Amino acid sequence: MKIFWNDTIVDKNDVKVDFEDRGYQFGDGVYEVVNIYDGIPFTFTEHLERLYRSAHEVGMKIPFTQKELKQHLTNLIQANDMKKGGLYLQITRGVAPRTHHYDETLKPILIAYPLPFTDVLPTQKSGVKAITGEDLRWLRCDIKSLNLLYNVMMKQKASQAGVTETILIREDTVTEGTLSNIFIVKANVVKTHPANNKILNGITRTKLLQIMDEHGWKYETTPFSSAELLQADEVFLTSTTSEVMPIIQVDDTVYHNGKPGPITLKLQQAFREAVKIEVQTTEKA
């Protein structure tokens, strides 16, 4: 496996992490995951724009322009002969003696590497189950930071319950999943939490809303309650790796007789078509 480390593509075994790296000691960094289809990174620009926004919000300067970083990552995809899978990228603030405050001249540490391909199509056809949990995270969930401990705890809670996701609820408002955005469908109207500091504005979430705009399909970006979640006609999640994933059960509530609903299936298909179009357009460029 080839790794992009700081400014060079190297073998995996050549990468060394300093024990005083602030990412290791404080989770002081930001990250992104991009899906690769037929060798093409999907919504590449949007992911990089979000990465640079996250870095800006935590006062970190990425040592490349977006154009330069995109070329480095493209070279990495080619070096690994990636056709399908994911690309993980993280940037930490750098290496320094352990203090909570930091020297603003620190040199950030950048690493990127390929993730294995997981075929989500069978799961998309059957749907997944979820449970609910209290959202006790900090109030800057819009920053895609390395500080994921509570997400890890709630994801583990889901795993121990034998389900896929924990849907987080803050003061009776559904926010998002541990690594996904949550949507409900009621009376043919799709609803999802607005993009503010309480959720991460997912790239797949944004793409799906664009698709619905293009088709004239009804949706609302508005807060909804736990009662609305359990009374919905359909529920689904979106994420980079899961795309559009039906949720057929939340806690003890089963939706659409335990099968993906028609609007979710329609959105799945529309998203796949959007992926196909972007990949074909990028190949021709």
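The values are calculated or read from the model by the stated rules, or taken from the named source; none is laboratory data. Here the structure is a predicted model, which is why all the values come from computation and not from measurement. All Cβ positions, glycine included, derive from the backbone under ideal geometry; neighbour counts span all protein chains shown.
Among (1) of a type outside the set (F, W, Y); (2) closer than 17 Å to V128 by Cβ; (3) surrounded by 20 or more Cβ atoms within 10 Å (Cβ to Cβ); (4) touching a Leu at 6+ places or on another chain (Cβ under 9 Å), there is one condition T166 misses while meeting the rest; what is its number?
(4)
What number of residues within the range 262-285 are farther than 26 Å from S126 by Cβ and surrounded by 16 or more Cβ atoms within 10 Å (Cβ to Cβ)?
Total meeting the criteria: 1.
Against the condition buried (at least 18 other Cβ atoms within 10 Å of the Cβ), farther than 24 Å from T264 by Cα and either among the aromatic types (F, W, Y) or touching a residue at least 40 places away in the same chain (Cβ under 8 Å) (or both), how does A130 come out, does it pass?
Judged against the criteria, A130 is not a match.
When you go through (1) part of a loop (DSSP other than H, G, I, E, B); (2) touching a residue at least 40 places away in the same chain (Cβ under 8 Å) one by one for T204, which number turns out not to apply?
(1)
If you check every pair at least six apart or on different chains, which have Cβ atoms under 9 Å apart with a residue in the range 249-264 that is assigned by TED's automatic domain parsing to the domain that holds A227 first and a residue that is in a loop (DSSP other than H, G, I, E, B) and among the charged types (D, E, K, R) second?
Y255/D233; H256/D233; G261/D233; I263/D233
Find the residue count for the range 125-151, including only residues that are closer than 23 Å to D252 by Cα and within 17 Å of the chain's Cα centre (by Cα).
Matching residues across the range 125-151 total 1.
Give all pairs with beta carbons closer than 9 Å in which a residue from the range 35-52 that is crowded, with 20+ Cβ neighbours inside 10 Å and part of a strand (DSSP E or B) meets a residue that is at pLDDT below 95 and aromatic (F, W, Y); count only pairs at least 6 apart in sequence or on separate chains.
From residues that are crowded, with 20+ Cβ neighbours inside 10 Å and part of a strand (DSSP E or B), the pairs are I36/F117.
Can you tell which of I199, I182, I203, I211 is closer than 25 Å to I277 by Cβ and touching a His at 6+ places or on another chain (Cβ under 9 Å)? Can you show your working first?
On the way: I199 fails: closer than 25 Å to I277 by Cβ; I182 fails: closer than 25 Å to I277 by Cβ; I211 fails: touching a His at 6+ places or on another chain (Cβ under 9 Å).
Answer to the check: I203.
Picking from L168, L267, which residue would you name as being touching a Ser or Thr at 6+ places or on another chain (Cβ under 8 Å) and either modelled with pLDDT of 95 or more or assigned by TED's automatic domain parsing to the domain that holds R53 (or both)?
After applying the criteria, what remains is L168.
All but one of (1) among the aromatic types (F, W, Y); (2) under 18 Å from I143 (Cβ atoms); (3) outside any strand (DSSP E or B) hold for Y31; state the number of the condition that does not hold.
The one condition Y31 does not meet is (3).
Considering only the range 69-88, I want to know if a residue exists there that is out of contact with any Cys (no Cβ under 6 Å at 6 or more places or on another chain), among the acidic types (D, E) and surrounded by 19 or more Cβ atoms within 10 Å (Cβ to Cβ).
Scanning the range 69-88, I find no residue that is out of contact with any Cys (no Cβ under 6 Å at 6 or more places or on another chain), among the acidic types (D, E) and surrounded by 19 or more Cβ atoms within 10 Å (Cβ to Cβ), so the answer is no.
Here's the yes/no breakdown for (1) under 12 Å from L76 (Cβ atoms); (2) touching a helix residue (DSSP H, G or I) at 6+ places or on another chain (Cβ under 6 Å); (3) modelled with pLDDT under 95:
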{"site": "K2", "(1), (2), (3)": "yes, yes, no"}
{"site": "V15", "(1), (2), (3)": "no, no, no"}
{"site": "R22", "(1), (2), (3)": "no, no, no"}
{"site": "G29", "(1), (2), (3)": "no, yes, no"}
{"site": "L51", "(1), (2), (3)": "no, no, no"}
{"site": "S54", "(1), (2), (3)": "no, no, no"}
{"site": "M60", "(1), (2), (3)": "no, no, no"}
{"site": "T65", "(1), (2), (3)": "no, no, no"}
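Taking the options T118, T99, name whichever one is loosely packed, with under 15 Cβ neighbours inside 10 Å, modelled with pLDDT of 95 or more and β-branched (V, I, T).
After ruling out the rest, the residue left standing is T99.
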